[in-house]
C-alpha cells in the first residue's frame, strides 16, 4: 500500500514524447476569435470520479459568474459586447481524456480560453497548448515550467499557500512540537508534501518519521491512520488529500481517539465530517479555503465582487456543495475578463499580455505579483496573500491573511530543498 517515491501513471516526459499526442496536436487549427457575439470558455476538469470535488463545484460557480456578467452587458471588446458561455468537458482526471478534451474544445467548440485543474492531466494537454498557442489556466502552479508559456496559475498557488497555516499555527499554538503527515502518492500530493515539510522545518516542528504516502486507489484508511498516529503526534497533517480521503481519515482519527491538532490543505464539505465525528473533534481544524460569507472577505483588499452574495446564490442553487474550488475558476474569469477588455480582444496572446502588464494583478485576496522564476522557471503564477482558516463552532472562520512571498523570501531555500528531494522541481519533472 505504501511507497515513498512512486509515480503512478504517465509522467510529463513520457507523455510529451508520445508521437500520437504530438501528431494529434499538430493538426489543430487555432480558433481564438469569438463568433456570433458569444465568447466560449473551455472548462476542462474532472466532473466525475474521485477528483470531481475540485472540478464540478467550480463549473457551477462559473455558471453563476456568467449569468452575472451577461446580465451586466457581457464582455466589452473593441468590436462590441459579447456574451460568455462555458463549454465543459469531463476529463475524469485522466491525461489522455484531457488531451482529447482540449482538442475538441479548440477545434470543434472554438473556445478562447481553457481552464483546468491541472496536475496529472496537464502532460496530456501540453502538446495541444504548444501547437495551438491556446491560453490555459491551472490551479496547480507545480504544472509550470519554462516551456509552459501559455499556461498561467492566476488563482490558486497550490501548494505554496500551505505554508501560511503552518506559520500561523506555530505562532499561535507554540506548544505543538511534533507532526506526522499522509498523502496520496500523485502529482497533487507530492509537491504539497514537500511544501509542508519545508513549512514545518521553518517553524521548528519535528516530523515523526517520513510522510506516509498511500496509493490513490486506497479505500480502507483504518490501517493508514493507525500507523499515522502510533507515535502520538501533536499534529496530524492531511496534506492535499482529496475530499474522498479527508473524510474517512477524519472519521478514523475520531474513532481511534486522536485528540491533537489537524491541519489540511482543504476541508471540503466539512459539515459532513462534523456530522460523522463531532463539532468538538473538528474544533480548531486548520485549512486554507474560506466560506465566502466570511466578513473578512468584505475587506477593501479583496478583489472578488460581492463574495457574500455569490456564496448565498451558490448555496441556494447547490446546497451542501460549496468547496475549495467553488469560487476559484470564477476568480480566474474576473482576471481574464479584465485583461480581455483591456486588450479589446479575446485572442490568447493579447489577453495574456494584458493580464501580465506591469508584473502585477488583482488576485481574489488582494494585489499580487506574477512570480515563480526560482521555483517554476517562469513567472506565470500570481502570488500574494492567502487566508488561514479554522473551524470554530462548526463554521469555517478566516483567522488571518498571510503573505506567501514574504514567507518565501525567508525560507525559500527550504522549499527548494524539499521539492528537490521529492523530484518536484520543474527541471526534475521534465
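The values are calculated or read from the model by the stated rules, or taken from the named source; none is laboratory data. Since the model is a prediction, treat every value here as computed from it, not as a measurement. Every residue, glycine as well, gets a Cβ built from its backbone with ideal geometry; the counts of neighbours run over all protein chains shown.
Tabulated results
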item	result
Members of region 365-377 that are out of contact with any helix residue (DSSP H, G or I) (no Cβ under 8 Å at 6 or more places or on another chain), surrounded by 20 or more Cβ atoms within 10 Å (Cβ to Cβ) and touching a residue at least 24 places away in the same chain (Cβ under 8 Å)	365
Residue in region 99-112 that is surrounded by the most Cβ atoms within 10 Å (Cβ to Cβ), counting only those that are part of a helix (DSSP H, G or I) and in contact (Cβ under 8 Å) with a residue 40 or more places away in the chain	102
Residue ID - nearest to residue 371 (Cα to Cα), chosen from residues in region 397-409 that are in contact with a helix residue (DSSP H, G or I) (Cβ under 7 Å, 6 or more places away or on another chain) and in a strand (DSSP E or B)	402
Failed item in (1) in contact (Cβ under 8 Å) with a residue 60 or more places away in the chain; (2) within 27 Å of residue 415 (Cα to Cα); (3) crowded, with 24+ Cβ neighbours inside 10 Å, with residue 140 passing the rest	(1)
Region 160-176, residues that are assigned to a loop (DSSP other than H, G, I, E, B) and touching a strand residue (DSSP E or B) at 6+ places or on another chain (Cβ under 6 Å)	161, 176
Test result for residue 58, within 22 Å of residue 125 (Cα to Cα), in a helix (DSSP H, G or I) and at pLDDT 95 or above	yes
So residue 416, is it surrounded by 18 or more Cβ atoms within 10 Å (Cβ to Cβ), within 20 Å of the chain's Cα centre (by Cα) and modelled with pLDDT of 95 or more	no
Residue, surrounded by the most Cβ atoms within 10 Å (Cβ to Cβ), within region 336-358, restricted to residues that are touching a helix residue (DSSP H, G or I) at 6+ places or on another chain (Cβ under 6 Å) and part of a helix (DSSP H, G or I)	340
Number of the exception - residue 157 against (1) over 25 Å from residue 185 (Cβ atoms); (2) in a loop (DSSP other than H, G, I, E, B)	(1)
Count of residues meeting criterion [more than 24 Å from residue 344 (Cβ to Cβ) and at pLDDT below 95] in region 20-51	12
Given (1) on the phi > 0 side of the Ramachandran plot; (2) in the same structural domain as residue 66 (by TED's automatic domain parsing), number of the condition residue 322 does not satisfy	(1)
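Every residue, every condition in (1) surrounded by fewer than 24 Cβ atoms within 10 Å (Cβ to Cβ); (2) part of a loop (DSSP other than H, G, I, E, B), yes or no:
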| residue | (1), (2) |
| --- | --- |
| 93 | no, yes |
| 97 | yes, no |
| 115 | no, no |
| 128 | no, no |
| 145 | yes, yes |
